[in-house]
Amino acid sequence: MSVFNLSNAIMGSGILGLAYAMSNTGIILFVILLISIALLSSYSIHLLLKCSGVVGIRAYEQLGLRAFGTGGKILAATIITMHNVGAMSSYLYIIKYELPLVIQTFMGLTSNSGAWYMNGNYLIIIVSVLIILPLALMKHLGYLGYTSGFSLTCMVFFLCSVIYKYSVIPCPLNTTITVDHYTNGHNVTEKWKDEDNCTAKLFTGNSQTAYSIPIVAFAFVCHPEVLPIYTELRRASKSRMQNVANVSIFAMFIMYLLTAVFGYLTFYGNVETEMLHTYNKVDPLDKLVLSVRLAVLVAVTLTVPVVLFPIRRAIQQLLCPMADFKWWRHIVIAVVLLIAVNFLVIFVPNIKDIFGVIGATSAPSLIFILPSIFYIRIVPNDKEPLRSRPKIQAAVFAFLGFIFMIVSLSFIIVDWVTTGKSNVGGH
């Protein structure tokens, strides 16, 4: 169950953006990025677990308190909240844009009729109240192991469908794809010429490459869930939890790589920010694509409660760290969080902005910076001096995180300034 929960925490809506990331980096650079982030994520979990083992603490916020006092606790809780709110938002975005298309296909329509039940804003509220909230109210994260396993099964079906579609969708397509871009507050219709987009690129770069690194980094962040899962792990030990993390990361690495490669080789330069929308441009009534949409919707819906748990724990650690469990507090925090995220999803028009900005800030903090500085501060100097190899490695690791954050944010800001507003295909 722990592997299912952690794998589910790793894998979310980020998988839908990986083919787009590959189209903007090239195959070789993307594979290098994916391998690097996977290995670095595993190493940072090692640092986190070692800190936890030294002081006997299994809460991210309490590690921050132990390392830097109240400021460290607030910093850790803030970053966890920011990251997981971004993750929840991206999951609900998928529901917002995919569920109306599923209903549209079920009804045999090729365009949105404008009815209320095809309005994504109404649908995410309904899904949040009827499905996500009841699951989020469970007392323990371990109870979600079965739903996490089912969620992963849905995403395996998604992967198999992507591989199958690669073999049946021709390039160039028989018809020209038309895509709406959102630019400077206006919808701009643009024709894609497929003849120019049927060659795989090993290396490439453009203004959208800035989003690719954060998208890949965001796709591997599971660190807020590591310690809660560690707490509920049977026969818990550092090595056992590290094995759980390594198995989960490796499984998701394989799934990410195959999805990105086959998605990219199906559409090449025509792949959109959210890959399922690209299939919709080929055949809006495709029954297999309909099934895939349903599978992805189920998967991301069942993932939202998993990422809500660490936010609730972070808030409780800040507001009432020593208080006993109270159902009313447990429920109120979940309800307020879901309301806040629903507002964010309804009023922010761009999923790529969420992946890019959150990935460029919270991802390096959770993967690189916090585990490293916690390790340096918490592990006693008499056990590992500051100039020891492990602590020097941790310091370099933290430095890489700061560089990653600064460079990624700089590219994204430059892109916003030069284009007026980042473009999005299909939304």
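So for the pair residue 318, residue 348, with labels modelled 7 Å out along Cα→Cβ, what separation do we get in nm?
Rounded to a tenth, the inter-label distance reads 1.6 nm.
Based on other C-beta atoms within 10 Å, arrange 392, 169 from fewest to most.
392, 169
State the three equivalent ellipsoid semi-axes of the stretch 14-67, derived from the C-alpha gyration tensor as the square roots of 5 times its eigenvalues, in descending order and whole Å. List each step's numbers first, then the result.
Values: eigenvalues 229, 28, 10 Å².
The answer is 34, 12, 7 Å, longest axis first.
Percentage of Cα-Cα pair distances in the stretch 274-350 greater than 18 Å, rounded to whole percent? If you can, show how the numbers build up before the last one.
On the way: 1730 of 2926 pairs.
In whole percent, the share of Cα-Cα pairs in the stretch 274-350 beyond 18 Å is 59.
Which Cys residues of the chain have no other Cys beta carbon under 4.7 Å away?
Taking the Cβ cut-off of 4.7 Å, the unpaired cysteines of the chain are 51, 154, 160, 222, 320.
Once both axes come from the Cα atoms, what is the angle between helix 238-267 and the longest principal axis of the chain, in degrees from 0 to 90, rounded to 10?
Helix 238-267 sits at roughly 20 degrees to that axis.
Say a paramagnetic label sat at a point 7 Å from the Cα of residue 246, along Cα to Cβ; which residues of the stretch 19-35 have their backbone N under 13 Å from it?
Of the residues in the stretch 19-35, none has backbone N under 13 Å from the label point off residue 246.
Along the charge dipole of the chain, which of 386, 249, 152 sits closest to the positive end, that is, farthest toward it, with unit charges on the beta carbon of Lys, Arg, Asp and Glu (+1, +1, -1, -1)?
Projecting each Cα onto the dipole axis, the largest value belongs to 386.
Quick check on the exposure proxy: order 31, 129, 304 from fewest to most C-beta atoms within 10 angstrom.
By the 10 Å Cβ count, ascending: 129, 31, 304.
Would you list 50, 139, 238 from fewest to most Cβ contacts within 10 Å? Intermediate results must be reported in sequence, preceding the final value.
Details: 50 19, 139 9, 238 13.
In order of increasing Cβ crowding within 10 Å: 139, 238, 50.
What do you get for Rg/Rh over the stretch 194-353 if you use C-alpha atoms and the Kirkwood form of Rh?
Radius of gyration over Kirkwood radius for the stretch 194-353 works out to 1.03.
Which residue, chosen from 55, 37, 205, occupies the Cα position most advanced towards the positive end of the dipole of the chain, where the dipole is computed from +1 (Lys, Arg) and -1 (Asp, Glu) charges on Cβ about the Cα centre?
Of the options given, the answer is 55.
Let me make sure I get this right: for the stretch 238-289, a, b and c are the square roots of the gyration tensor eigenvalues over alpha carbons, sorted descending. Under 1.5 in a/c it's rounded, otherwise prolate if a/b > b/c, else oblate. Which is it?
Prolate is the answer for the stretch 238-289, as a/c is 1.5 or above and a/b outweighs b/c.
Once each part is reduced to its C-alpha centroid, what is the distance from the stretch 53-94 to the stretch 1-52 in angstrom?
Using only Cα atoms to place each centre, the spacing works out to 18 Å.
Tilt of helix 209-218 relative to the longest C-alpha principal axis of the chain, in degrees (0 to 90, nearest 10)?
50 degrees
Considering the dipole of the chain built from charges on the beta carbon (Lys and Arg +1, Asp and Glu -1) around the Cα centre, which of 92, 129, 226 is farthest to its positive end?
226
GNM, the chain, Cα, under 10 Å: largest mean-square fluctuation among 200, 236, 77?
Highest fluctuation of the listed residues: 236.
Bear in mind that the values in this text are calculations on the coordinates, not laboratory data. The structure presented is a predicted model; accordingly, all values stated were derived computationally and were not measured. Using ideal geometry, Cβ is built from the backbone for each residue, glycine included, and neighbour counts are taken over all protein chains shown.
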